[in-house]
Every structure is written in C-alpha cells, then in structure tokens.
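The values are calculated or read from the model by the stated rules, or taken from the named source; none is laboratory data. The structure presented is a predicted model; accordingly, all values stated were derived computationally and were not measured. All Cβ positions, even for glycine, are placed from backbone atoms using ideal geometry, and neighbour counts span all protein chains on display. The area values use the complete protein model at the heavy-atom level, side chains included, leaving out ligands, DNA and RNA. Shrake-Rupley method; radii C 1.70, N 1.55, O 1.52, S 1.80 Å.
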Amino acid sequence: MRAFSPILSLLLLLPAVVFAQPDTLWSCRIAYGTPGPKINGGAALAGDGFVVVGVNNPEAANQNMFIAHVSDSGQVLWTREFGQITWNEQANAVIELPSSDLVLVGYGGIGTEINYIVLIGINANGDSLWYRSYFGYGLAKGNDAVVLDNGNFAVCGYRLGQGEPANSDAWLLLCEPDGDTLWTRTYVGAGTDIGGRILQGPGGTLVMGAYTTTWGAGDYDFCLLRTDSQGNQLSATTFGTAGQEICYGMALREDEICLGGRTGSAITNDGYLAKANGTGGSVWAYPYNFGQVEEQIRGIALRHDGSIACAGWSGSSPTSVAPWYMVVRPDGSVGDLYVYSSLRPGRFMGLVSVPAGGFLAYGYITAGSQQQGYLLRISPGYGVAGTVRNLDTEQPLAGIRVAAPASSRLTVTDGEGRFMLELQPGTYDLVASGRCVSTDTLRGVELLPDTTIEVEISLGIPRYQRHQTSLNFIVQNHVLTVKPFLIRNPGSGPLEFWAAPESLYPPTGWLTIEPTHGFVPAADSFEVNVMVLTDTTDDAVYDYFGYLELRLNACPDSLDCLPVLVTVLDVPATSESSARSFALHGAYPNPFNAMTTLSFSVGRTSPVRLTLYDLTGRLAGIILDEALPAGQHRATLDARALPSGLYFVRMEAGDFAASQKVLLVK
C-alpha cells in the first residue's frame, strides 16, 4: 500500500522553530585507538547507565565490534572489542536481555566480503559468552534487535537473495537468549528491501522499519512492515517521494508508529519523518530542511506529550556537518531545533529514550585530528528534579530509586543524591526507596505544563536491635506455647521486617510466627509472637530446634537468624504393656512448685533407685532407693529446699536406666 506524502514547505516550518539549546546533563568522549571508535547503536541498561556499540577502528584493515559501558553520570566504566582475527566486523545495535547479558548485533566477513549477520553474546562485565553468524549469499548486515516479552529476541537486517538478478531481501530472525535460532524469515520483492529497525508491537506483533524499491512509486521509500509473532506478514505501508527515502530510526507507542531517516539523493538530503497508526495506516509524512545541503535524521524517540525527539546531523556538505537535535510536534510541525556547531565535524547516529526521562544521543566527532565516540545526555524538558538526603546526617544518598507510581517513570539518584524525573503535567505521589533506608512518599506534587519543580526528600535510616541470643521454650506435649519476641528500632526511619519460621529438627512445622510482615516505627519496638506446638508421640523427640528468620530493610543487619530451642517435659502416657516392663513415666504436675509425683513401672522385683540432678550434672538429691515388686509405683519429689530451675530425674533398676526433665518454678 502506497501512502500519500505531502511536502511541508520550508516557509511553513520556519516560524515555529525555536533555536534554543536543550538542557544537557553531561557529555562523554570515548577515545579508543587511532582513529577512535564510531558509535552506531546504544541502549539504556536496567541497572546502571548505558552501553554503546560500533566499530573500534573504522579505517583499519581488520575492524572489530566495539562496546563501552558508561555510567548514569557519564563515566566510562569499561570498553571491549570483539571479532574474529581474519574478519572485519561492525556492531549496529545492542540489547540487554532479562538476565543482564548483552547481545551485539552487526555484520562481518573476510576483507570486503561482508556477507554474514553477526551476533555476539556477552555478560554484564563484558566477557564473551557466545558467537553466531548467518550467511547471506552475498552482502548481508544485521541492523537492529529487540527483546520480546517472553525473553527471546528478534533481529532484523537484510541479505542478498538467490534470484536473478539478485536483490537484497529484508531478513528477520527470532533467537533464544543463548543465540540459538528459532526461525528466520525473508521478505522478498522484485526490488531491494532492507530491514533497518525492529520493535515489538501490541499483541506480540513485530514491527519492522525498512526501506524498499519493491513497493512505492519512486526510488527507495520508507516501508512499515508488520508481522505476527511467527513472522507472517500482516501489512506493508510505504511513505515517500520521487527521491530516495532511507529509514534509520523507529519509535512506537500504543496506537502510533513513527519512522525517521532522510529523503533526497547522493548530492543533497533532507530529514524525513512518517507517522502511522497502530495497524500501519498512514497519518502523515514530511521532509525537513532548514537551508542546508546535508540534513539527516538518524534516531527518533517519542516524548510523553506525543512529540518526536530526533537526532542526526546538518551541514553545508556531507563532509562539513554538525550534530543536531530536533523536536517535532504530534502534527508534524517543528517545535524546537538546535545544531551543535561547536562539534563540527560530527554526527549523531541515534537516540535512546532514558527511563528517568530525556534521551541519550550517541555518535562520533572529530577533536583536532582525532576521531572520538561521543555521547550527550539530554535532560528532560520538564518534570521533577531534586535531591535525596539522609535524615540523620543531611548527606546525599546515592542509588535511591525515585518513582511516580501513577506513571511508568522511575530514576535512580546519582553520587550526589540528585535525580531528574520526566513527567506530564498533573499531580503525583513520589515514592523514594532503596537498600538500607526507609521507603517514603512525597504526596501531592503538582506539576504544571512546561515546568520543572525542585523537591527535597529526606529518608530515615532504620536500625535493627535485639538483646536475646536465642528463644528458649520448655513446653508440655500437645500444648500451644506462645512467647513474644521484641524487635527494636532505634533508627530514624520505619523498619520493615519479614519473619519466617524454620523447623529444622524435627522438620514437621511445629514452629509458627505471627505476624510474618510488619513495620516498626522509628525509635520504637514491635512484638511478634513465636508459637510452639510439639507432638512427641510421633517420633519420641523431646528436644526441638529451629530458627526465627528475619529479613529487614536495615543495614548491616538485613538478615537475622535467631535460634529457637525447645525442651518437651511430657513423655508418652502409661500403657498396659509398659506396666509389665521397666519405664519412667511423666511427672505430674510439671512444671511444679515445691512437690510433684513421679510415676514409674517395675517389670520384676528389683532394687530401684530414683535420683535428681541439676543442669550441671551435680547430684541434687536421692528420691527413692529400695527394692520394689513388679507393678506400677509412685514417688514424691520434695524440692522445697532447691532453687528454681530445670532438673533431671534418673531411674535405675537392674540393667534398666531412664531420665526425664522436670521444671521447678517457685
């Protein structure tokens, strides 16, 4: 389907243009070899910072893929290069998998025979994990990739077809996280078709930004190609003029898809944008020229207000260009434009949308005679900025997550506790949270259109304290025993805890805790109930052992394991069979005050000795020492002269010996 592409005149565009430099947070130059790297692709990481990729030495006979990890504040953390010894390889894109591993996407081959799509998997530290290459029957390149909702990833590019005459076909691959291929698809037409960008659309669809001579009426035209999750084509929409339209950038949000690139010829170029609805239907398509011979859009991203941020270059000739940044309103008119003349000669090769707001523009410049990779962190145009501090010391807190739950925006504070969060106008609750601090909410932050407001957030520091080294229980069998455990918080912020019981011996679930989650206010305490219910008749175990495990938002004690020790006083009830043998039965009452009755069985006439020992093993008294006939007997333990505590009663009769525990409580 051919979409109509009206030409928007220069006179219509110019009155709307505001030649103002956008606010920037930092810039970063990457010098790696001579000449330095060309940066072709980039991605914002789920954790710290960004990764950018390209080629390490674009003028050398043996080129390698290049990657750099850059922090949120613009510091280069590490650089790597990858490639086979005899090949030339270059990276065009990079993605981060859910595992935090990275995949570099590009192309390679021997000498000038660039006939393989190349994928390289590395871990978050830059160590190589795997290498994959896909033969293209001739010229072949990998241009972009996207991580899908199920953890797999899709790669787009092109390869030379096998027909006569041979033309390039758009190429789509679906891969597992380890690089193994699930399927490949090519989209073959009578002309040349090249896949440039790939994103996941609604319902698991795949959306490819391409350019084509198969469809359309002119030379190369933009092509928006939509497929289902298996790569089966759903629609193809073209946008273009009588000149060449080459697609370099794509962005989508819900029911709109935007493509960006250039239109023109080998002599002169204008920027070019096209907008479609969610099913690929054309909305508008416009060229953009501001009086220069060479103007191109290389990367685009959607802003919250529906406008389109564009990065590329502009200049009087292809060799004398400077990076430019442009904002286009939802109707296609220009809202802002700035050319970075001081960076001439230089080019922005792409634009990454940052979760905290704003963008990262990447490319390369020439400083003196030295080519360098170049990154520019462009600040959000509006939102909430501020600093997060320690409530106790007023020192800034780094690594704190600041989010607006009513939106999808979040950010992390830098080394000086600062943050910037891009938001649409409205009223928001800001939630600040992090390791070793309390979570706090700044409520009712009102943001007006085109404004940035400053806020200060102070977070308390929770602290955990306990005085007990263990919880000790002396219980009766089949009787629920409850003992409180006090969690103290002498800190300045609420202490959050998660409690879990662990019955180690026996592992039968005899230990429970209530509640299992809660908060302890600052400078306060909170009781949890630790409950023990034993059943010795199942296994004749009278000494139980377990743990109370506490996970807390305090540091350094974020995990605490408190031993729980249980002594069971009761023994199984007397039976007829035990009455005909030697046995020491349960004392009653137990625990006791001063006096208790001991029950025991004698299997045949024998001398019987009952003695009492304290916990140290010292003899505390002789209860009975005489010959008794067979049968059941009782003896009284008089402990009025003894101190409170745990004691052991021992029975000896011939070869028989047994003990039980009794607790004296005065």
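Here are the numbers for this structure:
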{"read-out": "Residue ID - modelled with the lowest pLDDT, chosen from residues in the stretch 563-588 that are surrounded by 17 or more Cβ atoms within 10 Å (Cβ to Cβ) and not in a strand (DSSP E or B)", "value": "578"}
{"read-out": "So residue 159, is it touching a residue at least 12 places away in the same chain (Cβ under 8 Å), in contact with a Gly (Cβ under 7 Å, 6 or more places away or on another chain) and open to solvent by 60 Å² or more (accessible area, probe 1.4 Å)", "value": "no"}
{"read-out": "Checking residue 617 against (1) modelled with pLDDT under 90; (2) surrounded by 12 or more Cβ atoms within 10 Å (Cβ to Cβ); (3) out of contact with any helix residue (DSSP H, G or I) (no Cβ under 9 Å at 6 or more places or on another chain); (4) not basic (Lys, Arg), the condition it does not meet", "value": "(2)"}
{"read-out": "Out of 113, 89, sole residue that is within 21 Å of residue 362 (Cβ to Cβ) and acidic (Asp, Glu)", "value": "89"}
{"read-out": "Pick from the stretch 76-135, criterion in a loop (DSSP other than H, G, I, E, B) and aliphatic (A, V, I, L, M), ranking: nearest to residue 161 (Cα to Cα)", "value": "85"}
{"read-out": "Whichever residue in the stretch 134-150 is open to solvent by less than 50 Å² (accessible area, probe 1.4 Å) and at pLDDT below 95 and, among such residues, is nearest to the chain's Cα centre (by Cα)", "value": "134"}
{"read-out": "Qualifying residue in the stretch 172-184 (condition: part of a strand (DSSP E or B) and either of a type in the set (D, E, K, R) or closer than 22 Å to residue 219 by Cα (or both))", "value": "no"}
{"read-out": "Pair list, Cβ under 9 Å, 6 or more apart: the stretch 545-562 residue closer than 22 Å to residue 505 by Cα and surrounded by fewer than 17 Cβ atoms within 10 Å (Cβ to Cβ), other residue basic (Lys, Arg) and modelled with pLDDT of 90 or more", "value": "559/551"}
{"read-out": "Residue count, the stretch 169-190 (criterion: open to solvent by less than 10 Å² (accessible area, probe 1.4 Å) and either closer than 26 Å to residue 276 by Cβ or more than 29 Å from the chain's Cα centre (by Cα) (or both))", "value": "4"}
{"read-out": "Residue in the stretch 484-495 that is in a loop (DSSP other than H, G, I, E, B) and of a type in the set (Val, Ile, Thr) present", "value": "no"}
{"read-out": "Pairs, first closer than 15 Å to residue 296 by Cα in the stretch 323-338, second part of a loop (DSSP other than H, G, I, E, B) and at pLDDT 90 or above, C-beta under 6 Å, six or more apart", "value": "323/340"}
{"read-out": "Of residues in the stretch 455-473 being part of a strand (DSSP E or B) and open to solvent by 70 Å² or more (accessible area, probe 1.4 Å), the one farthest from residue 563 (Cα to Cα)", "value": "456"}
{"read-out": "Qualifying residue in the stretch 378-395 (condition: closer than 30 Å to residue 91 by Cβ, open to solvent by 30 Å² or more (accessible area, probe 1.4 Å) and outside any loop (DSSP other than H, G, I, E, B))", "value": "no"}
{"read-out": "Filtered residues of the stretch 282-295 (kept if open to solvent by 10 Å² or more (accessible area, probe 1.4 Å) and touching an Asp or Glu at 6+ places or on another chain (Cβ under 8 Å))", "value": "283, 284, 287, 289"}
{"read-out": "Breaking point among (1) at pLDDT 90 or above; (2) open to solvent by less than 50 Å² (accessible area, probe 1.4 Å); (3) part of a strand (DSSP E or B); (4) not β-branched (Val, Ile, Thr), for residue 419", "value": "(1)"}
{"read-out": "Unmet criterion (only one of (1) touching an Asp or Glu at 6+ places or on another chain (Cβ under 6 Å); (2) closer than 12 Å to residue 487 by Cα) for residue 561", "value": "(2)"}
{"read-out": "Any hit, the stretch 302-316, residues being over 24 Å from residue 23 (Cβ atoms), within 35 Å of the chain's Cα centre (by Cα), polar (S, T, N, Q) and open to solvent by 10 Å² or more (accessible area, probe 1.4 Å)", "value": "no"}
{"read-out": "Residue satisfying all of: in the stretch 221-248; at pLDDT 90 or above and hydroxyl-bearing (Ser, Thr, Tyr); surrounded by the most Cβ atoms within 10 Å (Cβ to Cβ) among these", "value": "238"}
